[in-house]
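Student: To start, I am sharing the structure in question, which I have written as structure tokens.
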Amino acid sequence: MRVVTPPVEDFLVREPPFYLPVSGEVDLFAQAAASGLPVLLKGPTGTGKTRFVTHMAWKLGRPLVTVACHEDLTASDLVGRFLILGDETVWCDGPLTAAVRHGAIVYLDEMVEARKDTLVVIHPLTDDRRMLPVEKLGTVLHAAPGFQVVVSYNPGYQSAVKDLKPSTRQRFVSLDFAFPPPELERRVIAAEAEVDEALADALVRIAGKVRNLVDRGLEEGVSTRLVVYAARLVRAGATPRVACAAAFTRTLTDDPDLRRSIEEIVADFL
């Protein structure tokens, strides 16, 4: 029987992604990788979790296999399935199996969005066994050197129904992600959007003030990603206020009072 798996070249990070370390997370991740430990990244959306994993894959020279988790994700989607190609039946590896074979980092983005019965397949890969039973093939694959499980989730956004169970949490070492300090966020915005420091500074100050509205009913604060989007709109020709309305005000809320509050904050700085 023929086995089809994507070549390792498909998963190599060829260009170094821009990333500024915040508080020792680079060294800790490298130490976890050297020890073969799975890592849990926790934090709000847009705080650099995916960028960080990509940066670390490049820094460590590891292939990176990314899976966007969702409620329809099945174990077969992760592990693989039999398919008919031409006149033969072949086994096609899923992303998890490909990562096991290639010694890659497998990144399960927003892990808790997947069904619990699906995520059971990663359990033997997150302890000392480091193996993947492939029941449909009647075999067990042992993870190649360098293989590592990395997962992310947003603890402030998930409902209690979708929260991680303590037994699952304790399979990982954890890193917390939050909005970077203003001086670092300014550097990120200036570099990512290729704008001057004055605009980056104004947008970061606005974002900081808007994040304070979470205490007044805003569901989630301005992500660093959205600040980059606003800066890119300005660089492309939009006025700063129009860019902020598109990236901040209309994206974050439909509540008229909160929109008015965001507009007032923008007007104070631009």
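Student: With the Cα gyration tensor of the range 182-269 giving a ≥ b ≥ c as the square roots of its eigenvalues, does the rule (a/c under 1.5 for rounded; else a/b larger than b/c for prolate; else oblate) give rounded, prolate or oblate?
Tutor: Values: a/c = 1.99, a/b = 1.53, b/c = 1.30.
Prolate shape, in that a/c is at least 1.5 and a/b is the bigger ratio.
Student: Among Ala104, Ala34, Ala57, which one shows the biggest mean-square fluctuation in a GNM of the chain, springs joining Cα atoms closer than 10 Å?
Tutor: With Cα springs under 10 Å in the chain, the top fluctuation among Ala104, Ala34, Ala57 is at Ala34.
Student: How high is the relative contact order of the chain? Use alpha-carbon pairs under 8 Å, at least six apart in sequence, and give a whole percent.
Tutor: 20 percent
Student: In a Gaussian network model over the chain where Cα atoms closer than 10 Å are linked, find which of Cys92, Cys244, Cys69 has the largest mean-square fluctuation.
Tutor: The residue that fluctuates most here is Cys92.
Student: Mean-square fluctuation check for the chain, GNM, Cα pairs under 10 Å: which of Gly146, Gly46, Gly237 is largest?
Tutor: In this elastic network of the chain, the residue with the biggest mean-square fluctuation among Gly146, Gly46, Gly237 is Gly237.
Student: Straight-line reach from Lys42: which lysines fall under 30 Å, measuring Cα to Cα and dropping same-chain residues less than 8 apart?
Tutor: Lys59, Lys116, Lys162, Lys165, Lys209
Student: Oh, and also: Report the full-extension gain for the segment Leu83 to Phe18: residue separation times 0.36 nm, less the Cα-Cα distance, to one decimal in nm.
Tutor: Stretched out fully, the Leu83 to Phe18 stretch lengthens by 19.5 nm.
Student: Here's another thing I want to ask about it. Taking the alpha-carbon set of the range 144-217, what are its Rg and Dmax in Å?
Tutor: Gyration radius and largest Cα-Cα distance of the range 144-217: 17.5, 49 Å.
Student: Quantify how much of the Cα-Cα distance distribution of the range 93-167 extends past 16 Å, in percent.
Tutor: On the way: 1425 of 2775 pairs.
For the range 93-167, the share of Cα pairs beyond 16 Å comes to 51 percent.
Student: Rounded to a whole number, what is D in µm²/s for the chain from Stokes-Einstein with the Kirkwood radius over alpha-carbon pairs (25 °C, 0.890 mPa s)?
Tutor: 120 µm²/s
Bear in mind that the values in this text are calculations on the coordinates, not laboratory data. Keep in mind that what you see is a predicted model, and the values were worked out from it rather than measured.
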